[in-house]
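Notes for the one structure printed next.
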Amino acid sequence: MNILVTGAAGFIGAALAHRLLDRGDAVVGVDNLNDYYDVSLKRARLDRLTARAGFRFVRLDLADRAGTAALFANERHDAVVHLAAQAGVRYSLTHPEAYVDANLVAFGNVLEGCRHARVGHLVYASSSSVYGLNAKMPFSEADSVDHPVSLYAATKKANELMAHVYSHLYGLPTTGLRFFTVYGPWGRPDMSAFLFVRAILAGEPIKVFNRGEMLRDFTYVDDIVEGVARVIDRPPAPGDASRLASPATSTAPYRIFNIGNSQPVPLLEYVATIERALGVKAKLDLQPMQPGDVAATAADTSALERAVGFRPSTPLAVGIQRFVDWYRDYYGVPAQRS
């Protein structure tokens, strides 16, 4: 297959591109290489991809309507995986305009490109953040998600609604994937695994929000990538009126799936797992709950398992050790002597 992956220099995008190349797909990767975090890390991910046969890179800001239209007009893609977005809950409190441009305008341009190019399947990243104030655990795709608590979450919910319109009006098969707290090698520097490891190794305190009274469904990146790869090959078909009983399905060729580890972990247990992997104790700076955050996330992935025969399962200790090993190697940090 010829597959377009947006956000290809990003954490999940780069990992997915490698997975698709491994199975024999041709991949066009798109990224604008913005400076939300260290661009050198994005370039390092990209260097590994451009060295591989079957991969081609296009630098493009998808909020550029004409540029995005040209991308779709000039070549054929069997499927599009749209991972490019402005990420981060806290950043949305201070830079809302970045989310409007990257998550709404750019997504609209991608939808238009897919529509006119008659792309066979659009798979796009949503987020567990859409569950907002929902208190019922685990979170199910059948739940209402009408009470987001951050602009980031609201843009992801908007993406799901926009995708449904294009599925309904134009028959574009779309699948939205709600990712749950992704971590692993080559991860994002603004996420907890990166922040905690860096601070602990520097002897600095780590900020632990809600004084550690939090629960997260940490999902290893390889599990996310495997789920995405399987979903690409199974575009949704139109359904009958019974599908309207769930917000995750439709009479249109439209589906929503959770991808999470389904084993939520207390935040302080997560910290302890990092401490064991590093062989260093953390200094804790207990902080109140941050605006836009939620106390707990947990994924019901039964719908994904029924649809594609896969359920994420990498144990946290295994995934964290792999991340720590990568971090030490990438930044040249020697292991602690016992």
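The values are calculated or read from the model by the stated rules, or taken from the named source; none is laboratory data. Note that the structure is predicted; figures quoted are calculated from it, not measured. Backbone-built Cβ (ideal geometry, glycine too); neighbour counts: all protein chains shown. Ligands, DNA and RNA are stripped out before the accessible areas are found, and what is left, the full protein with its side chains, is counted by its heavy atoms. Shrake-Rupley method; radii C 1.70, N 1.55, O 1.52, S 1.80 Å.
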- Limited to the range 60-83, what total is found for residues that are outside any helix (DSSP H, G or I), open to solvent by less than 20 Å² (accessible area, probe 1.4 Å) and either out of contact with any helix residue (DSSP H, G or I) (no Cβ under 7 Å at 6 or more places or on another chain) or not small (Gly, Ala, Ser) (or both)? 5
- Kindly establish whether PHE57 is touching a residue at least 12 places away in the same chain (Cβ under 8 Å) and either buried (at least 22 other Cβ atoms within 10 Å of the Cβ) or in contact with a His (Cβ under 9 Å, 6 or more places away or on another chain) (or both). no
- Quick one: ARG178 ticks every box in (1) over 14 Å from PHE11 (Cβ atoms); (2) surrounded by fewer than 23 Cβ atoms within 10 Å (Cβ to Cβ) bar one, so which box is it? (2)
- Neighbours by Cβ (under 9 Å, 6+ apart or cross-chain): first from the range 201-213, open to solvent by 60 Å² or more (accessible area, probe 1.4 Å); second aliphatic (A, V, I, L, M) and assigned to a helix (DSSP H, G or I): PRO205/ALA199; LYS207/LEU195; LYS207/ALA199; GLU213/LEU267; GLU213/LEU268
- Matching residues, the range 146-173, being surrounded by 19 or more Cβ atoms within 10 Å (Cβ to Cβ) and part of a loop (DSSP other than H, G, I, E, B): PRO148, SER150, LEU172, PRO173
- Message: Need a quick list: helices (runs of 4 or more DSSP H) entirely within the range 182-278 having at least 2 residues that are at pLDDT 95 or above and more than 30 Å from GLY309 (Cβ to Cβ).
- Response: 192-201, 267-278
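Quick check on my filter: what residues within the range 22-42 are part of a helix (DSSP H, G or I) and more than 19 Å from the chain's Cα centre (by Cα)? It would help to see each step written out before you state the result.
Here is the first cut: in the range 22-42, the residues part of a helix (DSSP H, G or I) are 22, 39-42.
ASP22, SER40 - these are the residues of the range 22-42 that are part of a helix (DSSP H, G or I) and more than 19 Å from the chain's Cα centre (by Cα).
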- State all residues of the range 308-327 that are open to solvent by 30 Å² or more (accessible area, probe 1.4 Å), at pLDDT 95 or above and either within 15 Å of PHE218 (Cβ to Cβ) or touching a Pro at 6+ places or on another chain (Cβ under 9 Å) (or both); if no residue qualifies, say none. PRO315, ALA317, VAL318, GLN321, ARG322, ASP325
